[in-house]
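The values are calculated or read from the model by the stated rules, or taken from the named source; none is laboratory data. In this text, all values refer to a predicted model and were calculated from it rather than measured experimentally. Heads up, the Cβs are rebuilt from the backbone with ideal geometry, glycines too, and the neighbour counts pull from every protein chain shown. Note: areas computed on protein heavy atoms with side chains; ligands, DNA, RNA excluded. Shrake-Rupley method; radii C 1.70, N 1.55, O 1.52, S 1.80 Å.
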Amino acid sequence: MARQGRGGPALATAAIGSFVAGLIATLLLAFLAPQVVKLALTLGPREYFALMVLAFVTVSATFGDSALRGLTSLFLGLALACVGIDGLTGATRLAFEVPQLRDGIETTTLAVALFAIGEALAVAAMLDPPDGMHRVKGSVKMTGEDWRRSWKAWLRGTFIGFPIGSMPAGGADVASFLSYAAERKLTKHPEEFGHGAIEGVAGPEAANNAAAAGTLVPLLTLGLPTTATAAIMLAGFQQFGLQPGPLLFVTNAGLVWTLIASLLIANVMLVVLNLPLIGLWIKLLSIPRPWLYGGILLFATLGTIGVNPSPVELGMLILFGVMGYGMRLYGYPVAPVVVGLILGPMAEQNLRRALAIAQGDWTTLVSTPVSAVLLGVSAVFLVVPMIMRLRG
């Protein structure tokens, strides 16, 4: 659409579609989350461990081109989660006589290193020149035909994105691709797809924003991050001493409903800021890339030192940043590392509780229908992608 001189309407339908989808998805979150909490309160250690295994498997299988590489990244995160004092016995593990490691590895340090420093190093190391930028020409106003072709795509994208975002194997990327495929099948103008069809922008943009709200359902009610962004949010909660889960709605109900209300306000601000300031956002792309990379490294370092001013913390930031660059270089996904660090202690705690209750009997992990089904689904998510890849 930008090549056709219609970049303005493309940005407009993206902004309005995101607003519509975000508004509807936030309302669905407000109505569905309490019902999920009621279900979550009936779960025991076995069911929570099975839920976390499902999260581990789906995140590992979803990110990256290979399930083996995803699992390798996950086990790296689980190994990092073992550093520090054991919550049940009080024994120090893998601290190597370094006092700062007794409290474990800070999730924010690992996340900033992998997602900010590692990404900046990886992009800066690319030798290919950046693609040319297509400037927005004319008005951002949509014609009557644009509105007629967009509103149905917005609604379809919303109701595709929200449930996909709520699933452990979902996420914004999956929702966007499914929405695009649906619009391509339902459109009356198939020849325009790939050459500037407005439905191809409207549907995926709505699905993307609806999926973002959908990820908050398992995050807030069960404490399970289904995307890398949700993992960062979970780390933010934990940084302030909050543990998302069913009890969060009981102990911090005001915080939860304030968060949901803020999402409604944010969706309004999305339109208010996006449409009038499109020209400003386009100009941000003209920032020299070396300045951009240098700024990312500077603010990432200052942020980490500000939270925990320690040479050990700074050393870990650099170490994990280089590790993140190496993982990208060799095709290993970084999101499972963060998920493993966050959910690893919770999975270990629930596993040990379940085995303690059953006096060491491992069959207790599949002794209830819920835990058995969840572990069975985990096995399917792990095996089926491998079979599909082998069959091409």
Seminar exercise, completed: Scanning region 221-235 residue by residue, those part of a helix (DSSP H, G or I) and within 17 Å of W257 (Cα to Cα) turn out to be T221, L222, M233, L234
Exercise. In region 186-211, how many are modelled with pLDDT of 75 or more, open to solvent by 60 Å² or more (accessible area, probe 1.4 Å) and in a loop (DSSP other than H, G, I, E, B)?
Worked result: 1
For this session: Output the number of the condition that P288 fails; it satisfies all remaining conditions of (1) open to solvent by 70 Å² or more (accessible area, probe 1.4 Å); (2) farther than 28 Å from Y180 by Cα; (3) not small (G, A, S).
Result: (1)
Exercise. Going by the structure shown, is G360 assigned to a loop (DSSP other than H, G, I, E, B), surrounded by fewer than 18 Cβ atoms within 10 Å (Cβ to Cβ) and not charged (D, E, K, R)?
Worked result: yes
Problem set entry | Those residues of region 296-351 which are farther than 18 Å from V83 by Cα, touching a Leu at 6+ places or on another chain (Cβ under 6 Å) and open to solvent by less than 40 Å² (accessible area, probe 1.4 Å), in sequence order | T304, G324, V334
Seminar exercise, completed: Reported set for region 212-254 where residues are loosely packed, with under 15 Cβ neighbours inside 10 Å and either of a type outside the set (S, T, N, Q) or in contact (Cβ under 8 Å) with a residue 60 or more places away in the chain (or both) is G236, Q239, F240, G241, L247, V250, A253, G254
For this session: Exactly one condition in (1) of a type in the set (A, V, I, L, M); (2) without any contact (Cβ under 8 Å) to a residue 60 or more places away in the chain; (3) open to solvent by 20 Å² or more (accessible area, probe 1.4 Å); (4) at negative phi is not met by L43; state its number.
Result: (2)
Problem set entry | Residue check for T158: polar (S, T, N, Q), loosely packed, with under 15 Cβ neighbours inside 10 Å, farther than 30 Å from V322 by Cα and at pLDDT 75 or above | no
Exercise. If you check V377 against the conditions, is it in contact (Cβ under 8 Å) with a residue 12 or more places away in the chain and over 28 Å from I105 (Cα atoms)?
Worked result: yes
Problem set entry | Failed item in (1) over 24 Å from T158 (Cβ atoms); (2) open to solvent by less than 10 Å² (accessible area, probe 1.4 Å), with L29 passing the rest | (1)
For this session: Scan region 377-392 residue by residue and report those that are exposed (fewer than 13 other Cβ atoms within 10 Å of the Cβ) and within 14 Å of F49 (Cβ to Cβ).
Result: none
